[in-house]
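Reviewing the structure listed below.
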Amino acid sequence: MTHDDRDKQMAELARRHLVKGDPTGWFEELYRAADGDAARVPWADLAPHPALADFVARHEVAVRRALVIGCGLGDDAEALAAAGADVTAFDISTSCIAWCRRRFPDTRVHYEALDLVMAADSWPEGFATVVEIYTVQSLPLALRETAFEAVAALVAPGGRLLVVCRGRDDDPPTSGDDPTFRLPGPPWAVSHDELGGLERHGLTELRFADYEDDAGVRRFVAEYARP
Ligand SMILES: C[S@@+](CC[C@H](N)C(=O)[O-])C[C@H]1O[C@@H](n2cnc3c(N)ncnc32)[C@H](O)[C@@H]1O
């Protein structure tokens, strides 16, 4: 199967769930259908994101409590653990979490199946380091504010958050509808206005980079702190 076919299948699967009002059910179906074959998981690079290495180099993550949101197949969580952090990682898909545990049988990472919107109930004290790479961009635009509120709630006082996502221009102020169905995707790129949800929920933006990657995809890499 070509990557284009695989991405088309993913979009069809996501939209089948979206029209039923179930915006996150497709992740479990995708991981289950992949049946241990990472080539069938469109985002599975089987390596940590390069922005994470840069973040780890600039911050004292060792011995700190770290959280990876929407951890996928676990490479970012394992990289943080290798850097000495005490890592918890969660994903909404139980098959995905079972896959992480099979991939890393001797891991020090605590993997858990959980929905982002429930996560702050599990860890009200938050984490010193929080990593969110490509999760919120995989949720429809109508859920962005709720999702970023949930992400912000996981950052402890004095903590740092790394966000990596596809980027798009801010929407014109007149567009009041949910453009999810008009945009190609998933993923649905994130605007800087949407990232502002993190600041509306108590975080301060420390860094923001807007760039094109080697494949010509516009990305945002941003860092936040909770004072
Ligand atoms: C595009 S993938 C990115 C995975 C990983 N962060 C990476 O960079 O490879 C998005 C991940 O977020 C998970 N996810 C989506 N919605 C979620 C939610 N509400 N709570 C927790 N995980 C979620 C999906 O199951 C999927 O593994």
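The values are calculated or read from the model by the stated rules, or taken from the named source; none is laboratory data. Predicted model only: the values in this text are computed from it and were never measured. Don't worry about glycine lacking a Cβ; one is built from the backbone with ideal geometry, like all the others, and counts go over all protein chains shown. Side chains are part of the model used for accessible areas, which takes the heavy atoms of the whole protein and leaves out ligands, DNA and RNA. Shrake-Rupley method; radii C 1.70, N 1.55, O 1.52, S 1.80 Å.
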- Item | Magnitude of the charge dipole, the chain, Cβ model with Lys/Arg +1 and Asp/Glu -1, debye to 20 | 340 debye
- Message: Below 8 Å between Cα atoms, with a sequence gap of 6+, how large is the relative contact order for the chain in percent?
- Response: 16 percent
- Message: With every protein chain left in place and a probe of 1.4 Å, what is the accessible surface of THR204, to the nearest 10 Å²?
- Response: 60 Å²
- In the neighborhood of ALA128, defined by Cβ-to-Cβ distances under 11 Å, what is the net charge if each Lys or Arg adds +1 and each Asp or Glu adds -1? +1
- Item | DSSP beta bridge pairing in the chain, given as percent antiparallel to the nearest 5 | 40 percent
- Per residue solvent-accessible surface (Å²) - segment 45-225, probe of 1.4 Å: 44 Å²
- Query: At what distance in nm do the modelled label points of MET1 and ASP193 sit from each other, each positioned 7 Å from its Cα along Cα→Cβ?
  - Reply: 3.5 nm
- Determine ³J(HN,Hα), in whole Hz, for all residues of segment 56-61 in sequence, where each value follows from phi through the Karplus function 6.51 cos²θ - 1.76 cosθ + 1.60 and θ = phi - 60°; x replaces Gly and Pro. 5, 5, 9, 10, 7, 8
- Compute the signed sum of charges (Lys and Arg +1, Asp and Glu -1) over the other residues within less than 14 Å, Cβ to Cβ, of PRO184. +3
- Note on the structure: Per the charge dipole of the chain (beta-carbon charges, Lys/Arg positive, Asp/Glu negative, Cα centre), the residue among ALA66, ALA150, GLY167 reaching farthest to the positive end is ALA66
- On the protein heavy atoms, probe 1.4 angstrom, tell me the percent of accessible surface of segment 45-225 carried by carbon and sulfur. 53 percent
- Query: Under a Cβ-Cβ cut-off of 13 Å, what is the net charge of the residues other than ASP75 that fall near it, where Lys and Arg count +1 and Asp and Glu count -1?
  - Reply: -3
- Query: What ranking do 16-23, 37-44 get when scored by the average of other Cβ atoms within 10 Å per residue, highest first?
  - Reply: 37-44, 16-23
